[in-house]
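We did not get these values from a lab; they are worked out from the coordinates using the rules stated. All values reported here derive from a predicted model rather than from experimental measurement.
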Amino acid sequence: GGGPGMERTLVLDLKDGKLTGTLKGTEGGQFQIPDTEITEASFKAGEVAFAVTVSFGDRSFTSKYTGKLDGDTITGSIERPGRGEGAAPMKTEWKATRAK
């Protein structure tokens, strides 16, 4: 939305070739965003992809994350629904750094 970015915690686990994880919840203004399990997850040749679906009342929004792992950092993009009915999807950059 053009405002400052939001820092969130993402916990990923790769076991036996299967990627799982949780995007930790936060407070977003008047909204409480709960912990959310990732879906549609994959990791192949340094490329990570997954989706996160968040519900607000009777509405759900799915954001699709893609990124490239380089050392302790994943850099990529997020595609999420546009605002308003029929609006084009929005794409933003994201970056994750492994906690030490």
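Points worth noting:
- All lysines inside 21 Å of residue 15 as judged from Cα atoms, apart from same-chain residues fewer than 8 positions distant: 24, 44, 68, 100
- Using equal-weight Cα scatterers in the Debye expression, the normalised intensity of the chain in log10 at q = 0.10, 0.20 Å⁻¹ is -0.29, -1.16.
- Debye intensity ratio in log₁₀ form over the Cα atoms of the range 12-70, taken at each q of 0.13 Å⁻¹: -0.39
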